[in-house]
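All remarks here apply to the structure that follows.
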Amino acid sequence: MTSPRQYFKQACGIARFTWNWALEEWKRQYENGLKPRAFALKKQFNAIKPVDFPWMYDVTKYASQQPFIFMQTAFNRFFKGLGGYPQFKKKNHHDSFYVGNNHIKLDGKYIKLPKLGWIRMREALRFSGKVISATISNKANKWFVSLNVELEQMPKSCESQAGVGVDLGIKALATLSNGKAFEAPKPLKKFLKKLKRMQRSLSRRVKGSHNRQKLKQKIASVHAKITNIRQDSLHKITRYLTDSFGGIVIEDLNVSGMLKNRKLSRAITDIGFYEFRRQLEYKSKYKGNYLLIADRWFPSSKNCSNCGQKKEELKLSERVYHCSACGHEQDRDLNAAINLKNLLYQSG
Ligand SMILES: [Zn+2]
């Protein structure tokens, strides 16, 4: 009996091998003045497979068939100028394989693959609907399955008329104009500390040593944990926002500009601004929220949310907003969030 790990590794290897075979053949044919098509390459491949690659039959046939479909898609994108020229895949960088729904069965926390049988997942699928496909991949020595599901029920659309402004910050992950704030999850801080410690100790270990290699693997797994925690907390915030508010305003942070500021860059990469915006965009699309991205130059932090007066200068260290015109005093992030929310009610 092959273990799930062996099976996954083998299927990833086959998917990678097939992709690389197809890409090489594509290039060869093209250089010989032919017009390669993935479909024809697949036929060619399947003709030699029983003799040349008999070991491929140990896993789902998708591992050695789907890469051709992906390749055609990749070249189509390339021809349209939407993507780069397809590249060869490397071991430990591209470890994944696709399985179509006729080769998957799901039952609660269990998933079944051909020639492997039932295996347990960490958690059951949270949506009900038709499973279209699965992609199994390796990250930091852990195996993940991502399931593509066609939802039976669209999520209920948001009926609230309320509006909200969201300030993404350093102190709190997100501060809302209604006064609610989402703090960074505690385990995140713990793991970030741990990561720092491990990275320091890595620099002291001898290059190429077994110990260094082991530590490197541990670091990768802490990284993966951090990504998961972060992702999870962002989902909580974006779900709350799209469930509770019909109108949402966020900043269009000039991320590349801010990344030059080292103090800020840490905070921004930590909260995953891109990911936050991506989640908010797709969730508000299917729940029908109105999402407004404030102009990049809108001074949400510098304006007084009470009288509208604009400060010329506001240091990053000033955590409380003081207005010299009207005397208004407020937490800096809350002041910014209210300014963002007010954009909903301004025309033009
Ligand atoms: Zn004021």
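Only the coordinates and a few stated rules stand behind these numbers; no lab work does. The structure presented is a predicted model; accordingly, all values stated were derived computationally and were not measured. Neighbour counts are summed over all protein chains in view; Cβ atoms, including those assigned to glycine, are modelled from backbone coordinates with ideal geometry.
Over the C-alpha trace of the stretch 1-62, radius of gyration and Dmax come out as 13.5, 46 angstrom. Segment Lys186..Leu82, full-extension length gain: 33.5 nm, with 0.36 nm per residue of separation and the alpha-carbon distance subtracted. With 0.36 nm allotted per residue and the present C-alpha distance subtracted, the Gln6-Gln199 stretch has 66.5 nm of extension available. Here the relative contact order of the stretch 1-97, from alpha carbon pairs under 8 Å that lie six or more residues apart, stands at 44 percent. Mean residue ellipticity, 222 nm, helices only, the chain: the sum of -39500 (n - 2.57) across DSSP H runs of n ≥ 4, divided by residue count and rounded to 500, is -15000 deg cm²/dmol. Segment Val51..Ile69, full-extension length gain: 4.2 nm, with 0.36 nm per residue of separation and the alpha-carbon distance subtracted. Counting beta carbons within 10 Å around each of Cys323, Cys307, Cys158 and listing the fewest first gives the order Cys307, Cys323, Cys158.
Restricting to Cα pairs below 8 Å that are 6+ residues apart, what does the relative contact order work out to for the stretch 163-345? Please round to a whole percent.
So the answer I get is 30 percent.
Under a 5 Å amide H cut-off, with hydrogens placed 1.01 Å from N, Asn303 pairs with Lys311 among residues at least 5 apart or on other chains. The reciprocal of the average 1/r between distinct C-alpha atoms defines the Kirkwood hydrodynamic radius, which for the stretch 163-345 equals 18.0 Å. For the stretch 4-151, the Cα-based Rg and Dmax, in that order, read 16.3, 52 Å. For chymotrypsin sites (Phe, Trp or Tyr not before Pro), the sites in the stretch 49-114 that DSSP calls loop and that have at most 13 other Cβ atoms within 10 Å are Phe88. For the stretch 133-239, the set of trypsin sites (Lys or Arg not before Pro) satisfying both a DSSP loop assignment and a count of at most 12 other C-beta atoms within 10 Å is given as Lys156, Lys207.
No disulfide-compatible partner, judged by a Cβ distance under 4.7 Å, exists for the following cysteines of the chain: Cys12, Cys158. Legend: residue pairs Lys90/Lys216; Lys189/Lys236; Lys287/Lys341; Lys109/Lys236; Lys105/Lys285; Lys35/Lys115, Cα-Cα distance threshold 25 Å; pairs beyond threshold, Lys105/Lys285; Lys35/Lys115.
Scalar couplings 3J(HN,Hα) for the stretch 192-205, obtained by applying the Karplus form with A = 6.51, B = -1.76, C = 1.60 to θ = phi - 60°, are 5, 4, 4, 4, 4, 4, 5, 5, 5, 6, 4, 5, 8, 8 Hz; x denotes Gly and Pro.
Computed from the C-alpha gyration tensor, the three semi-axes of the ellipsoid equivalent to the chain are 46, 25, 22 Å, from longest to shortest.
Please return the longest range in the chain lying between exposed loop sites, taking GluC sites (Glu not before Pro), DSSP loop only, at most 15 other beta-carbon atoms within 10 Å, and leaving the sites out. Counting only loop sites that pass the neighbour cut-off, the longest clear stretch is 184-311. For the stretch 1-70, which trypsin sites (Lys or Arg not before Pro) are both in a DSSP coil and crowded by at most 16 other Cβ atoms within 10 Å? Taking the stretch 1-70 and a limit of 16 other Cβ atoms within 10 Å, the loop trypsin sites (Lys or Arg not before Pro) found are Arg37. The relative contact order of the chain, computed from alpha carbon pairs under 8 Å that lie at least 6 residues apart in sequence, is 14 percent.
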